[in-house]
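Have a look at the structure below, then the notes.
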Amino acid sequence: LAERVRARLPRDRPFVLLGESFAGPLAISLAGELSPNLRGLILVATFARNPRPRLAWLKPWVAKLPLPLRAVPETLVASRLFGRHRSQELLKLLQRVNRQITPAVMKARLLAVAEVEVSAIFARLRLPVLYLRATRDRVVPAASSQYLQRLRPDMKISDLACSHCLLQCLPEDAARLILKFLDQTSG
């Protein structure tokens, strides 16, 4: 994934990276390469290390067993991702995404989350960082953003009262915070 994203980063103008959920560690890693045009990093409901370390014991099972993702009721997944903001539109989006993601890809993502560790890269970054935190997130706990803030006390955290998929649940509120961050980093 890093190679695909790196190839699409602007080389001739300033930019800001945004990493949401699973893409957060990827954005942190790419930011660590310190492109001269990179002006800031926006992290959304994400992590630098396994956000659920108590579930690490499941890793061998996830690696060995077939993962019947389609067997998990969409209503359960939707309640975790969207919470009270769940709508028909978001359910259709979830269904469309689920049809595109194979069980093998989802298994690989779960294993990657269990092993991810980009804390040292994040601690070394010297650029503005905004973290958008979903206060009702049942996927990535608040401990993940608190850990990141210990590594970078200057990181700005903005809370939004929603579940994990905050960009989808509260797009206008998220956009307002992102635009404010972009205004502050444009100088």
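Residue separation of residue 100 and residue 135 scaled by 0.36 nm, minus their Cα-Cα distance, works out to 9.8 nm of gained length. Put simply, when 85-94, 164-173, 1-10 are sorted by average Cβ atoms within 10 angstrom per residue, most first, you get 164-173, 85-94, 1-10. No solvent, one uniform scatterer per C-alpha: report log10 I(q)/I(0) for the stretch 138-185 via the Debye equation at q = 0.16, 0.25 1/Å, two decimals. Listed by q, the Debye log ratios stand at -0.53, -1.06. The portion of the accessible surface of the chain made up by carbon and sulfur, rounded to a whole percent, is 57 (1.4 Å probe; DNA, RNA and ligands excluded). Using the Cβ-Cβ distance between residue 74 and residue 147 with R0 = 30 Å, the FRET efficiency computed as 1/(1 + (r/R0)^6) comes to roughly 0.45. Taking the dipole about the Cα centre of the chain, with the C-beta of Lys and Arg at +1 and of Asp and Glu at -1, give me whichever of 46, 177, 125 is farthest to the positive side. The Cα lying farthest towards the positive end belongs to 46. Remark on the chain: 165 stand apart, with no other cysteine beta carbon under 4.7 Å. Computed from the alpha carbon atoms alone, the convex hull of the stretch 90-171 holds 120 Å³ per residue.
The smallest convex shape that holds all Cα atoms of the chain, its convex hull, gives 127 Å³ per residue. Taking all protein chains together and a 1.4 Å probe, the residues 101, 42 rank 101, 42 from largest to smallest accessible area.
The values are calculated or read from the model by the stated rules, or taken from the named source; none is laboratory data. Keep in mind that what you see is a predicted model, and the values were worked out from it rather than measured. Note: ideal-geometry Cβ built from the backbone for every residue, glycine included; neighbour counts use all protein chains shown. For accessibility, only protein heavy atoms count, side chains too; no ligands or nucleic acids. Shrake-Rupley method; radii C 1.70, N 1.55, O 1.52, S 1.80 Å.
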